[in-house]
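The values are calculated or read from the model by the stated rules, or taken from the named source; none is laboratory data. Only a predicted model underlies this, so the values are computations on that prediction, with no experimental measurement involved. We place every Cβ from the backbone using ideal geometry, glycine too, and count neighbours over all the protein chains shown.
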């Protein structure tokens, strides 16, 4: 019985992420936390261009009619614009802990040219 308890070795894994990839809802519902994470400089925030483009659309009110209340639509629009302003500012500062990611997996150091046109080749 004693040998059986020592036969199975236990392995403990400590997971320490380097990269964090937020989705659109992270920026809308947890924007201040995303800011704190980036400013901590412990992680590299990798933001997919599709998220940035979706935030752009939400900031323009592209989906205002889909929400149950005007208050919620306003909150989404306001948070999206704040997120875009923050990301543009951080990219302009060339924050080394912030990258943009294209649909094909390429990383970008800027979001100045952020439209992703489908490749018809």
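Surrounded by 13 or more Cβ atoms within 10 Å (Cβ to Cβ), in contact (Cβ under 8 Å) with a residue 24 or more places away in the chain and more than 19 Å from residue 23 (Cβ to Cβ), is that true of residue 95?
yes
Do we find that residue 76 is surrounded by 10 or more Cβ atoms within 10 Å (Cβ to Cβ), in a helix (DSSP H, G or I) and touching a helix residue (DSSP H, G or I) at 6+ places or on another chain (Cβ under 7 Å) in this structure?
Yes: the conditions hold for residue 76.
What residue, among those in segment 30-43 that are in contact (Cβ under 8 Å) with a residue 40 or more places away in the chain and in contact with a helix residue (DSSP H, G or I) (Cβ under 9 Å, 6 or more places away or on another chain), is nearest to residue 78 (Cα to Cα)?
My answer is 31.
Among all residue pairs at least 6 apart or on different chains, which show Cβ distances below 8 Å where the first residue, located in segment 1-26, is at negative phi and the second is part of a loop (DSSP other than H, G, I, E, B) and modelled with pLDDT of 95 or more?
Final answer for the pair search is 17/43; 18/43; 19/43; 20/43.
Filter segment 98-121 down to residues that are at pLDDT 90 or above and in a loop (DSSP other than H, G, I, E, B) and give me whichever is surrounded by the fewest Cβ atoms within 10 Å (Cβ to Cβ).
Top of the filtered list is 105.
Return yes when residue 82 is part of a loop (DSSP other than H, G, I, E, B) and within 25 Å of residue 113 (Cβ to Cβ) and no when it is not.
Criteria not met by residue 82.
Mind listing whichever residues of segment 9-58 are surrounded by 12 or more Cβ atoms within 10 Å (Cβ to Cβ) and in a loop (DSSP other than H, G, I, E, B)?
Within segment 9-58, 21, 22, 23, 30, 42, 43 qualify.
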